[in-house]
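**Student:** If you scroll down you'll find the structure; I have some questions about it.
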C-alpha cells in the first residue's frame, strides 16, 4: 500500500509558474526577455572578441574580465531558454533530473562568478597598493591558476546539491515559484528530512559568497587606505576611477543575490510576485549589465568598440 501511495503522490515533474495572472500576455512579455537574452550573449561575446583581438588588453584585469564574460554567457544559456519556453510555448514542465542539472549549472556558475569578482578585487588591490610588483605578482600562470581554482571551487561545492536532492521523495506541491530551478525552491517540494541539504546549503553560501564578499570588502578598505594616504589628489582620483566598474559589477551581482536569499529564508509571507521579480533580477542583471558597465567605464574597451562601429 505504501508503494502505491508513493506512486500516487510522487510527481514526475516540477511545474514553473511564469508570471501568475499575466498568462494571457506572456507572449508580449517574452519580447523584452528576448532582447535582454540577445543583448547579454552578444555583449559578453563582444567583450571576449575585443580582449582576444587586442594584444594591449592581454593583461590580468582583462583576462579576469574575459572569464567573467564566459561565466555570464553560461548563466544566460542556463536560464533564458527555459524562461522563453514558458512565455512563448507555455512549456512549464521540467523533469526532476533536468531541474537538478539546471540548478547545478546556475549555482556553480554563480559561485564561479563570485570567485572571479574576488580575483578582480585582488587585481585592483595589487595594482594600487603594490604597483611596482604588479607584473611579478599577477603573472600569466598565476592568473590561469586563479581562474582554474574559481572553476574547481564552483563545481566541487555545488556538485553534492543535486545528488542530495535526488535522494529525496517529492510528495508535496510540485509548483516552483520561479521560472527556473534553485536549490532553495526545490527543497521546499520534498517531504523527506532536508536538514542535511539545508545545513550544507548554508555552508556553501558562507564559504563561497560570504567569504568572497568579505574579502572584497577588505581589499577595498586597503585600497581606500592607500589612496587616501596619497599626497596627489589627481592620482587619488585616477586610482579610484579604475575601481568604479568593478564596484558597480560587484553591487549588481551581490545585491540581488542577497535580496533573493533573504526572501527565501525569511520572507515566507511575501507575495509570489516579489519572489518571481527578484528571481528575474538575480539571474538577468549581471549577464546583461556587466558588459555595458565595462564598455562605458573602461576606456580601452570603449575606444575599441567606437573604432569598430566607425569602421
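**Student:** Using Cα atoms only, what is the angle between the long axis of helix 299-310 and the major principal axis of the chain, expressed in degrees (0 to 90) to the nearest 10?
**Tutor:** Value to nearest ten degrees: 80.
**Student:** To the nearest 10 degrees, how steeply does helix 272-297 sit against the main Cα axis of the chain, on a 0 to 90 scale?
**Tutor:** Taking Cα atoms only, the helix is inclined about 20 degrees.
**Student:** Quick check: the angle from helix 140-158's long axis to the longest principal axis of the chain, C-alpha only, nearest 10 degrees?
**Tutor:** 20 degrees
**Student:** Order these by the 10 Å Cβ neighbour count, fewest first: 203, 14, 33, 309. Walk me through the numbers on the way to the answer.
**Tutor:** Working: 203 12, 14 22, 33 19, 309 6.
Sorted ascending by nearby Cβ count, the order is 309, 203, 33, 14.
**Student:** Could you calculate the FRET efficiency of residue 207 with residue 91 from 1/(1 + (r/R0)^6), where r is the beta carbon distance between them and R0 is 35 Å, rounded to 0.05?
**Tutor:** Numbers: r = 35 Å, r/R0 = 1.01.
Computed FRET efficiency for residue 207 and residue 91 comes out at 0.50.
**Student:** For the chain, treating each Cα as an identical point scatterer without solvent, what Debye log10 I(q)/I(0) comes out at q = 0.12, 0.13 1/Å?
**Tutor:** -0.86, -0.98
**Student:** So for 92, 307, fewest C-beta neighbours within 10 Å to most, what's the order? Please report the intermediate quantities before stating the final value.
**Tutor:** On the way: 92 17, 307 10.
If I rank by nearby Cβ atoms, fewest first, I get 307, 92.
**Student:** Order by neighbour count: 243, 191, 171, fewest other Cβ atoms within 10 Å first, most last.
**Tutor:** On the way: 243 22, 191 12, 171 16.
Going from least to most buried by this count: 191, 171, 243.
Read-outs throughout are calculated quantities, based only on the coordinates presented, and are distinct from any laboratory measurement. Since the structure is predicted, the reported quantities are computational estimates derived from the model, not experimental observations. Cβ coordinates were reconstructed from backbone atoms using ideal geometry, including for glycine residues, and neighbour counts include every protein chain displayed.
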